[in-house]
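A.B. asks: One structure, pasted below without further comment.
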Amino acid sequence: MKPDTNRTDVLVVGGGPAGATAARVLAEKGREVLLLEKDRGYSKPCGGGVSLGIFEEFNLPRTSIKKEVYGLRLVSPTQNQVDIPLPGRPVALVERKEFDETLRLKAEQQGARVIEGEFLRILDEKRGLALALIGGEKAEIQSGSIVAADGVNSRVRTSLNIKPLPALWTCSSLIQGQREFCEFWFGASESPYSYSWIFPTAAGLSVGTGALEARNLQKLFHNFLDRSGLEVPVKRRVYKIPVWQGKLFNRKNILFVGDAAGQVLPLSYEGIYYAMKGGEMAARAILEGKPGDYKKMWKGEFRKRFLLLDTLKNYFLKNDASTEKMIALHRHPEVQEISLRLWLRQEDRRHTLFHYLKLLGKYLR
């Protein structure tokens, strides 16, 4: 028996920050939107740190903020430590299950239909026909446009035979304890080409480490726990974060956003804000009837910043000696300030980028 066909203007696959934001923007403008989310109770492994500005920019309730942190701590491979104060502009820490559901509810309030179901595959790319599993039954969904916001392991991408994105593997856990800062620990013995982290949460501490290969991940995580003196958790979660390449935007009327497009800032690996901006831009391109403009919008706003941070990542994280230089640079207040503009406040005006490069040249001589 052939499945029933649901019809909608736009099918959004994935209800995280990217998909929920795209659905909300489209629904606000009167488009019929079906948002397909596999599990509304899922909580993605994530440190959950975002800028306070995100709540103003996207008109979000601050009730989803679990904790505000007023300082960052950088720890070098040889235990050199730099504390960066955040007076008046703290990092907001959110719990992903609640935060993502808040974004989905915002989309629903604007008229988007949010359905719990699993995307299976594209049946006919030209007709915008997809197959999903909803309530245990297969259902066809036909739409004019598809927004693929289904994460690093995107099934939309796979069903179109698009190669997987390179990824950073992470191992993380929630443990008991308290800290005042969001801590970033660097060292090839526990986080080669990445960093380990200790973030305070309402329920304790989110701790984890990242690596480009999965095979030594558990050992690297234990190395970090030993080095930092943290307890060994009973439960841990392994997850992938896409490594940005800047190549995947759309294939005709199928637009890729968030982790499905690799929109994670190099070096800091911050993805929530850029996922939401990607969703917003993809929605605008659909509303304008020009899906190809999505790529222009994104590159026009973020390309220079991502290229710069990718260059810095490749230089500063290539070995422990280079990482020591990076930590030492951030002892200078002016470097701290300009770094925060790029990493945390999402400022990348030409003056900011030029000033940042000028400072790096000055202190690296």
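A.B. asks: Find the residue count for the range 41-56, including only residues that are under 18 Å from the mean Cα position of the chain (by Cα) and either part of a loop (DSSP other than H, G, I, E, B) or modelled with pLDDT of 95 or more (or both). Steps first, please.
C.D. replies: So in the range 41-56, the residues under 18 Å from the mean Cα position of the chain (by Cα) come out as 42-55.
When the remaining residues are screened for being either part of a loop (DSSP other than H, G, I, E, B) or modelled with pLDDT of 95 or more (or both), the result is 42-48, 52.
Result for the range 41-56: 8.
A.B. asks: Checking Ile241 against (1) of a type in the set (A, V, I, L, M); (2) without any contact (Cβ under 8 Å) to a residue 60 or more places away in the chain; (3) closer than 26 Å to Leu312 by Cα, which test does it fail?
C.D. replies: Unmet condition: (2).
A.B. asks: Could you please give the count of residues in the range 212-258 that are surrounded by fewer than 16 Cβ atoms within 10 Å (Cβ to Cβ) and aliphatic (A, V, I, L, M)?
C.D. replies: 5
A.B. asks: Can you tell me which residue is farthest from Val257 (Cα to Cα) among those in the range 1-40 that are part of a helix (DSSP H, G or I) and among the hydrophobic types (A, V, I, L, M, F, W, C)? Give the derivation first.
C.D. replies: First, pick out the residues of the range 1-40 that are part of a helix (DSSP H, G or I): 17-28.
Still in the running and among the hydrophobic types (A, V, I, L, M, F, W, C): 18, 20, 22-23, 25-27.
Numbers: Ala18: 6, Ala20: 11, Ala22: 9, Ala23: 12, Val25: 14, Leu26: 14, Ala27: 17 Å.
Step by step, filter the range 1-40, then rank; the result is Ala27.
A.B. asks: If you check Tyr269, Tyr195, Tyr273, which single one turns out to be surrounded by 17 or more Cβ atoms within 10 Å (Cβ to Cβ) and assigned by TED's automatic domain parsing to the domain that holds Pro85?
C.D. replies: Details: Tyr269 fails: assigned by TED's automatic domain parsing to the domain that holds Pro85; Tyr273 fails: assigned by TED's automatic domain parsing to the domain that holds Pro85.
From the options Tyr269, Tyr195, Tyr273, the qualifying one is Tyr195.
A.B. asks: OK, next. Since Arg305 meets every condition but one in (1) farther than 26 Å from Ser173 by Cα; (2) assigned to a helix (DSSP H, G or I); (3) modelled with pLDDT of 95 or more, which condition does it not meet?
C.D. replies: Just one mismatch for Arg305, condition (3).
A.B. asks: Scan (1) among the basic types (Lys, Arg); (2) within 15 Å of the chain's Cα centre (by Cα); (3) more than 16 Å from Pro17 (Cβ to Cβ) for the single condition Lys277 breaks and write down its number.
C.D. replies: (3)
A.B. asks: I'd like the residue in the range 276-332 that is among the aromatic types (Phe, Trp, Tyr) and in contact (Cβ under 8 Å) with a residue 24 or more places away in the chain and, out of all such residues, is surrounded by the most Cβ atoms within 10 Å (Cβ to Cβ).
C.D. replies: As a first pass, look at the range 276-332 and keep what is among the aromatic types (Phe, Trp, Tyr): 294, 298, 302, 306, 315-316.
Still in the running and in contact (Cβ under 8 Å) with a residue 24 or more places away in the chain: 294, 298, 302, 306, 316.
Details: Tyr294: 24, Trp298: 22, Phe302: 20, Phe306: 22, Phe316: 18.
Filtering the range 276-332 for residues that are among the aromatic types (Phe, Trp, Tyr) and in contact (Cβ under 8 Å) with a residue 24 or more places away in the chain, the one surrounded by the most Cβ atoms within 10 Å (Cβ to Cβ) comes out as Tyr294.
The values are calculated or read from the model by the stated rules, or taken from the named source; none is laboratory data. Bear in mind the structure is a predicted one, so any value in this text is a computation, not a measurement. Please note: Cβ atoms are built from the backbone with ideal geometry, for glycine as well, and neighbour counts cover all protein chains shown.
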